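Comments concern the structure below.
The values are calculated or read from the model by the stated rules, or taken from the named source; none is laboratory data. Keep in mind it's a predicted model, so treat the numbers as computed, not measured. Ideal geometry is used to build each Cβ from the backbone, glycine not excepted, and the neighbour counts take in all protein chains shown.
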Amino acid sequence: MQFTEEHEQFRKSLRRLIEEEINPHVDAWEEAGIFPAHELFPKLAELGALGLEYDPEYGGGGADHSFTYVLAQELGRMDCAGVPMAIAVETSMATPALARYGSDELKRTYLEPTLRGEMVCSIAVSEPDAGSDVAGIRTRAVRDGDDWVITGRKMWITNGTQADWLCLLARTDPDSQPGDYHGMSLIIVPTSTPGFSVGRKIDKMGNRSSDTAEIVLDQVRVPVSNTIGEPDRGFQQQMAQFQDERLVGAYIAVAGARRALDRTKDYLQQRIAFGKPLLANQHLQYRLAELYADVDTMDGFLQYAADKYMAGQDVTREATVAKLKTGRLVREVADTCVQFHGGMGYAEEMWAARYFRDSRLVSIGGGADEVMLRVISMLEGMGKK
């Protein structure tokens with residue numbers, strides 16, 4: 001992947017915004033369990049960060065995927081993982097299907113203001129009884145004239161307490177039952193619609209600055225025209241949307257791992273023990289060197305995957321491998337960072353403790369490690385498809 005002066009100028013603008021408008025507030029947002037998305041997103045929109053690859057007709061930047069890669073690298077420099085995750089929902093998890101398959105009216109009504117930072121969105125797929133097993137969803141949309149009437153519950157919804165609209169997956173074929181892969185649709189659901197409510201805000205171990213909710217849909221009525229693309233094609237659309245989510249999540253995580261190693265290296269250089277800096281210990285040097293090498297290897301693979309994505313090739317395998325191996329890598333990096341900080345690594349006043357908690361989600365959210373292994377097994381012709 002080649003980066004130009006335009007990429008570097010974009011990177012500098014993002015880094016300035018993160019250092020001046022985000023990192024100074026992270027501690028307060030973590031304590032509050034939420035960040036002000038409606039205040040922050042317009043600032044990102046001013047840099048063109050919310051719709052980099054989308055059609056300029058709807059306020060997008062018309063850029064290629066390499067700019068998304070730069071955005072993700074800089075998001076990985078934040079002092080928490082919750083805010084980057086919430087931004088990635090806006091850019092790469094809840095909007096790709098709308099941008100690809102949505103009608104002009106839907107894009108004008110929802111995508112355009114979202115890219116301006118005026119609307120906050122969420123992706124609503126997981127349910128209390130169906131997380132990584134998307135075929136298990138029970139939320140159903142029943143057609144009544146020109147409307148869908150939606151009933152169900154959604155779980156683990158990032159931005160869930162402050163979203164203006166959801167990209168929601170529901171069963172729309174009356175014959176489709178939990179366990180079936182057919183008969184689902186992606187539907188835009190405004191959260192101001194009667195019958196929509198936040199059941200509860202979830203208290204999480206990490207990513208605390210990002211609000212996560214369980215939501216309830218009780219006879220929520222929306223127009224059938226809010227369907228993204230053709231009805232009953234939602235499962236296929238969501239599988240494609242997952243590739244964006246998993247790649248961008250991996251980009252962010254690897255950038256965050258590199259920053260964590262840099263911060264640990266600096267700490268070991270300054271920390272004096274037994275009359276010399278801890279970094280003078282060869283064992284610590286070699287352990288960090290090995291992890292830097294692992295990060296470099298993963299970054300190279302991600303750039304390869306990004307190049308394939310830009311070439312319009314199928315990246316199902318690459319996104320799956322990236323999700324699996326990045327999750328395991330950041331867990332190893334986080335554990336080492338805490339260990340090398342000693343007692344301070346276990347103290348909440350030190351960044352390492354938050355990084356340890358936040359990084360654990362990478363192997364769970366967006367498809368757990370076990371699901372990634374199942375996908376790879378099927379791609380290799382093992383197991384039942």
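Observations on the model:
- Set THR316, THR326: member being surrounded by 22 or more Cβ atoms within 10 Å (Cβ to Cβ), assigned by TED's automatic domain parsing to the domain that holds THR264 and either β-branched (Val, Ile, Thr) or over 28 Å from PHE67 (Cα atoms) (or both): THR326
- When residues of segment 200-226 are limited to those that are part of a loop (DSSP other than H, G, I, E, B) and in contact with a strand residue (DSSP E or B) (Cβ under 8 Å, 6 or more places away or on another chain), the one nearest to MET78 (Cα to Cα): SER210
- Residue count for segment 345-385, restricted to those that are part of a helix (DSSP H, G or I) and closer than 28 Å to ALA260 by Cβ: 22.
- The number of residues in segment 33-56 being farther than 17 Å from ALA88 by Cα and in contact (Cβ under 8 Å) with a residue 24 or more places away in the chain comes to 2.
- Applying a threshold of 7 Å to beta carbon distances and a minimum spacing of six or more residues, or different chains, the list of pairs starting in segment 219-233 at a residue that is touching a residue at least 12 places away in the same chain (Cβ under 8 Å) and of a type in the set (Gly, Ala, Ser) and ending at one that is surrounded by fewer than 18 Cβ atoms within 10 Å (Cβ to Cβ) and assigned to a strand (DSSP E or B) is empty.
- Selection of first residues in segment 336-353 that are in the same structural domain as HIS25 (by TED's automatic domain parsing) and of second residues that are at pLDDT 95 or above and among the polar types (S, T, N, Q), restricted to Cβ pairs under 9 Å at least 6 apart or on distinct chains, gives an empty result.
Conditions (1) basic (Lys, Arg); (2) under 19 Å from ALA97 (Cβ atoms); (3) modelled with pLDDT under 95, marked per residue:
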site: ILE150; (1), (2), (3): no, yes, no
site: LYS154; (1), (2), (3): yes, yes, no
site: LEU166; (1), (2), (3): no, yes, no
site: ARG171; (1), (2), (3): yes, yes, no
site: ASP180; (1), (2), (3): no, no, yes
site: MET184; (1), (2), (3): no, yes, no
site: ILE188; (1), (2), (3): no, yes, no
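- Given (1) part of a strand (DSSP E or B); (2) basic (Lys, Arg); (3) within 30 Å of GLU348 (Cα to Cα), number of the condition ARG143 does not satisfy: (3)
- The single condition among (1) small (Gly, Ala, Ser); (2) touching a residue at least 12 places away in the same chain (Cβ under 8 Å); (3) surrounded by fewer than 18 Cβ atoms within 10 Å (Cβ to Cβ); (4) more than 25 Å from ILE364 (Cα to Cα) that SER132 does not meet is (4).
Table: residues versus (1) of a type outside the set (Phe, Trp, Tyr); (2) at pLDDT below 95; (3) within 28 Å of SER132 (Cβ to Cβ).
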residue	(1), (2), (3)
GLN236	yes, yes, yes
ALA253	yes, no, yes
ALA257	yes, no, yes
PHE274	no, yes, no
HIS283	yes, no, no
PHE301	no, no, yes
VAL330	yes, no, yes
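- Residues that are part of a helix (DSSP H, G or I), touching a Leu at 6+ places or on another chain (Cβ under 7 Å) and crowded, with 24+ Cβ neighbours inside 10 Å, drawn from segment 227-263: GLY234, ALA250, TYR251, ILE252, VAL254, ALA257
- Number of residues in segment 347-372 that are among the charged types (D, E, K, R) and within 19 Å of ARG328 (Cβ to Cβ) equals 5.
- Residue check for PRO113: over 24 Å from LYS201 (Cα atoms) and touching an Asp or Glu at 6+ places or on another chain (Cβ under 6 Å): no
- Among the conditions (1) surrounded by fewer than 17 Cβ atoms within 10 Å (Cβ to Cβ); (2) within 22 Å of THR114 (Cα to Cα); (3) free of Cβ contacts under 8 Å to residues at least 60 places away in the same chain, the only one that THR4 does not satisfy is (2).
- Every residue from segment 1-54 that is over 21 Å from the mean Cα position of the chain (by Cα) and among the hydroxyl-bearing types (Ser, Thr, Tyr): THR4, SER13
- Within segment 265-274, not a single residue is among the small types (Gly, Ala, Ser), outside any loop (DSSP other than H, G, I, E, B) and either touching a Gly at 6+ places or on another chain (Cβ under 6 Å) or within 20 Å of ALA99 (Cβ to Cβ) (or both).
- Those residues of segment 127-145 which are of a type outside the set (A, V, I, L, M) and either at pLDDT below 90 or over 21 Å from the mean Cα position of the chain (by Cα) (or both), in sequence order: ASP129, GLY131, SER132, ASP133, GLY136, ARG138, THR139, ARG140, ARG143, ASP144, GLY145
- With respect to (1) buried (at least 16 other Cβ atoms within 10 Å of the Cβ); (2) not in a helix (DSSP H, G or I), the lone exception for SER197 is condition (1).
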